[in-house]
Amino acid sequence: MADFDYDLFVIGGGSGGVRAARVAAATGAKVALAEDSRLGGTCVIRGCVPKKLMVFASEYSEIFSDARAYGWDIHEGSFDWGRFAGQLNTELDRLEGVYRGLLEGSNVEIFDQRAKLAGTHEVRLSDGSTRSAKHILIATGGHPVRPEMPNAHLGMVSDDIFHMESLPRSILIVGGGYIACEFACILHGLGVEVTQFYRGAQILRGFDEEARGLIADQMQERGIDLHLGTNIVEMCPADAERPEGPAGEGLGAPVSEPRPDAEGGSAGPVWVKASNGMARSFDAVLFATGRAPNTRDMGLEEVGVTLGRRGEIVVDDFSQTAVPSIYAIGDVTDRVNLTPVAIREGMAFVETVFKGNPTPVDHELIPSAVFTQPEFGTIGLSEEEARDREPVEIYCTSFRPMQTAFAGRPDRVMMKLVVSKETRRVLGCHIVAPHAGEMIQLAGIAVKMGATKEDFDRTVAVHPTMSEELVTMKSPVRSA
Ligand code: NDP
């Protein structure tokens, strides 16, 4: 048998790659990992973690007025982006250090440089040297993409948000997916005037329609200027000459005065003409128009790894590519692009390759949350998906929660169960409410176990809570 430098070489130091490297090393394997950016990857450095900290920061804007309603003599202060961003960067540095420490503690050799494939068992590092490995794991993740249109570079992408030197006074967010909706709510909460364009009929395509509708209503109610069926048709720097006339022409929409200190990740104020006739300038534009796998210039196809239509690495149930010695996990495979899924894929890879226990990854019934305000927690089938498959009963309630109703806010929440008429199993659970992410993690266990509506009913309510409605809905609101 050939001698290799390593048993495993991992390319990519995000959540999936780091976990796989550590767990493989724990089996006694000799492991190396290369990362050309910061250890921790998208989730820790420019995704879930800094995003969630921004969610927390933005939620304080409502807490002041709520506290006053509850009798506190409290006065609203102003939000200091610079102070928050400094604290955020310190925390990200700490987390990056934790990841490095975990790898070093597991005896994984770290290369802080780019690696690409040079053969079926060989990687080339950016310093020109090569290393051989019995197995290679590609965990390079993905990157945000801008739409193809002139001047698209004027818009930021999600990576840029965390590097803004100051908050824009106004922003246009393009897209209706997780990232667009989350940042619309975050930036609105931080005091930015937010306009959102989504090209389709309703945001959060693919999720339960009733939930999408409620989230969109609540976002608008809070002051986000959401335009459905709308896209950018033209954009240019706000101070550029345009045949159409000065910024602000069109539907008489206001021109946002550029902040003298506005820099953002973009090139300054941007003038935008929209498909609905709106024409105005924004201090910044954020494209949240999807992500693409990081497979370019990786030497993949040269060694025989198959790529799919979207540039993703094609793998089997065991994350193995068309080349037997090369595996891939996480967003680079474009299966279910969520951090905990990448981690599971990494663990299953180690189980399969290093522990001799072939383990496919279970991609069924994955709970997830969208950190909008209100939050959205979801697992299983939407009402629309379920009724296409079999006869279902829908149990659903929407109400004003006690905490914010007391403070005079119009917020509404929703609890919904999609139930199979035949088996009585809960096929889908959808929660729109503060802390819905926390709730769906627990409800998800029951749904994953195959709980029936009657199992939910047998569970005593925890009173008074919002989620008690999940076990007290007696009659279906409709059958479908
Ligand atoms: P999504 O694919 O979820 O959404 C992209 C959005 O951009 C869609 O609304 C899409 O519209 C729209 N879009 C695409 N191309 C264009 C275009 N040319 N012009 C106008 N609009 C366009 O991607 P995101 O970037 O929001 O998120 C990427 C992934 O990251 C998610 O799928 C998710 O897996 C993960 N993620 C998870 C989070 C969480 O768990 N909370 C948070 C953030 C990200 P259309 O619907 O018409 O296609």
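None of the figures in this text is laboratory data; all of them are computed from the coordinates on show. For clarity, every value in this text was computed on a predicted model and none was experimentally measured. Neighbour counts are summed over all protein chains in view; Cβ atoms, including those assigned to glycine, are modelled from backbone coordinates with ideal geometry.
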Relative contact order of the chain, defined on C-alpha pairs under 8 angstrom at six or more residues apart (%) = 15 percent
Quotient of Cα radius of gyration and Kirkwood radius for region 54-173, i.e. Rg/Rh, equals 1.13
Could I have the simple spin-label model distance between residue 217 and residue 26, label points 7 Å from Cα toward Cβ, reported in nm to one decimal?
-> 4.7 nm
Counting alpha carbon pairs within less than 8 Å and at least 6 residues apart, what relative contact order, in whole percent, applies to region 379-480?
-> 32 percent
The simple spin-label model distance between residue 297 and residue 5, using points 7 Å out along Cα→Cβ, in nm, is 2.1 nm
Return 353, 314 ranked ascending by Cβ neighbour count within 10 Å, so the fewest neighbours appear first.
-> 314, 353
Measure off 7 Å from each Cα along the Cα-to-Cβ vector at residue 148 and residue 366, then give the distance between these two points in nanometres to one decimal.
-> 2.8 nm
Let me have the 222 nm mean residue ellipticity of the chain computed from DSSP H runs of 4+ only, each contributing -39500 (n - 2.57), with the sum over all residues rounded to the nearest 500.
-> -9500 deg cm²/dmol
Whole-number value, in Å³ per residue, for the convex hull of the alpha carbons of region 1-93 is 121 Å³
Multiply the residue gap between residue 445 and residue 399 by 0.36 nm, knock off their C-alpha separation, and tell me the result in nm, one decimal place.
-> 14.1 nm
Give the residue from 444, 10, 371 lying farthest towards the positive end of the charge dipole for the chain; charges sit on Cβ (+1 for Lys and Arg, -1 for Asp and Glu) and the dipole is referred to the Cα centre.
-> 444
Sorted by Cβ neighbour density within 10 Å, fewest at the top, the residues 429, 396 = 396, 429
Derived scalar couplings ³J(HN,Hα) [region 469-479; Karplus, 6.51 cos²θ - 1.76 cosθ + 1.60; whole Hz; x for Gly, Pro] | 4, 5, 10, 10, 7, 7, 10, x, 7, 6, 10
In this structure, the FRET efficiency calculated for residue 62 and residue 357 from their beta-carbon separation, with R0 = 51 Å, to the nearest 0.05, is 0.55
Within the chain, which DSSP H helices have Cα atoms that stretch 18 Å or more along the helix axis and a mean Kyte-Doolittle hydropathy of at least 0.5?
-> 339-354, 436-449
Residues with amide H under 5 Å of residue 311's amide H, sequence separation 5 or more or different chain, H placed in the peptide plane at 1.01 Å from N; which?
-> none
Cα-centred dipole magnitude for the chain, charges only on beta-carbon of K, R (+1) and D, E (-1), debye, nearest 20 | 740 debye
So what's the convex hull volume per residue for the Cα atoms of the chain, in Å³?
-> 178 Å³
Cβ-Cβ FRET estimate between residue 317 and residue 79, R0 fixed at 60 Å, reported to 0.05 | 0.80
Take residue 480, project a point 7 Å from its Cα along the Cβ direction, then tell me which residues of region 368-383 have their backbone nitrogen under 15 Å from it.
-> 379-383
Selection from 77, 418, 31, by position along the positive dipole direction of the chain (Cβ) = 418
Reachable lysines from residue 134, Cα under 21 Å, same-chain residues fewer than 8 places away excluded?
-> 30, 116, 355
For 43, 185, 236, ascending order of other Cβ atoms within 10 Å (fewest first) is 236, 43, 185
Taking the dipole of the chain about the Cα centre (Lys, Arg +1; Asp, Glu -1; charges at Cβ), the one of 343, 180, 101 that reaches farthest to the positive side is 343
Cα coordinate range in region 120-169, projected on the principal axes (Å, largest first) | 53, 26, 20
Tell me, in nm to one decimal, what length is gained between residue 89 and residue 113 on full extension, where the rule is 0.36 nm per residue of separation less the Cα-Cα distance?
-> 6.5 nm
P(r), alpha carbons of region 152-247 - 5 Å bins starting at zero, rounded % | 2, 12, 22, 23, 18, 13, 7, 2, 1
From Cα coordinates alone, what are the radius of gyration and Dmax values for region 92-251 in angstrom?
-> 21.8, 63
What is the packing order of peptides 329-338, 384-393, taking the mean over residues of other C-beta atoms within 10 Å and listing the highest first?
-> 329-338, 384-393
Contour minus end-to-end for residue 165 and residue 124, with contour as 0.36 nm per residue of separation and end-to-end as the Cα-Cα distance?
-> 11.1 nm
